[in-house]
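The next block holds one structure in the form of structure tokens; read it before the comments.
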Amino acid sequence: KLSAGELRQLCCQVGLLPAVLGEASEPLDVGREARLVTPAQRVALTVRDGGCAFPGCDVPATRCEAHHIVPWWRGGRTDLPNLVLLCRRHHGLIEPARYGARDQWEVRMARDGLPEFVPPARYGGDRRPMRNRRVIENTG
């Protein structure tokens with residue numbers, strides 16, 4: 001019996017590109033093959049995030065953009081664990097500086113596979129990760 005990690009390593013060794021498929025065999029993880037999300041990924045993000053995932057935001061999914069947590073220009077993949085829905089306002093707060101660094105909000109995936117947000121250092125405190133209440137309610 002192989003773990004998912006072992007299977008991925010074997011696929012890489014023989015030149016196969018692994019893909020995670022949805023219910024109707026639509027690709028949900030497309031790696032570096034495409035920068036923009038697929039329609040199936042958009043549905044999966046809408047189900048998972050329900051709209052803008054930023055804490056306290058209630059902008060619906062139809063008005064959100066898919067954001068790469070590790071940016072595409074930094075080698076990020078177009079895979080669900082690297083994507084989060086954000087409204088235009090919060091997308092601008094999260095988008096990392098391409099040249100240099102800035103003190104800003106960060107987004108990451110928690111161990112349970114849901115997005116969490118870390119406030120900028122300038123806010124002080126322990127920088128405890130936060131979640132949108134809607135995400136918590138959808139999973140609780």
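The values are calculated or read from the model by the stated rules, or taken from the named source; none is laboratory data. Note that this is a predicted model, so its numbers are computed, not measured. Positions of Cβ are generated from backbone atoms using ideal geometry, with glycine treated the same way; all protein chains shown enter the neighbour counts. Remember, those area values only see protein heavy atoms, side chains included, never the ligands or the DNA or RNA. Shrake-Rupley method; radii C 1.70, N 1.55, O 1.52, S 1.80 Å.
Eigenvalues of the Cα gyration tensor times 5, then square-rooted: what semi-axes does that give for region 55-137, in whole angstrom, largest first?
18, 17, 13
Using 0.36 nm per residue of separation minus the Cα-Cα distance, give me the extension gain between residue 101 and residue 73 in nm, one decimal.
Full-extension gain reported as 8.6 nm.
Could you compute how much accessible surface residue 112 exposes when probed at 1.4 Å, giving the result in Å² to the nearest 10?
90
Per residue, how large is the accessible surface of region 28-122? Use a 1.4 angstrom probe and give square angstrom.
For region 28-122, the per-residue accessible area is 53 Å².
Of all the accessible heavy-atom surface of region 48-140, with the other protein chains kept in place and a 1.4 Å probe, what percent is carbon and sulfur?
Of all accessible area on region 48-140, carbon and sulfur atoms account for 50 percent.
Looking at region 66-106, which trypsin sites (Lys or Arg not before Pro) are DSSP coil and have at most 10 other C-beta atoms within 10 Å of their C-beta?
Here the trypsin sites (Lys or Arg not before Pro) that fit, given the DSSP loop and packing criteria, are 98, 102.
Hey, if we sort 105, 73 by accessible area with the 1.4 Å probe, largest down, what's the order?
73, 105
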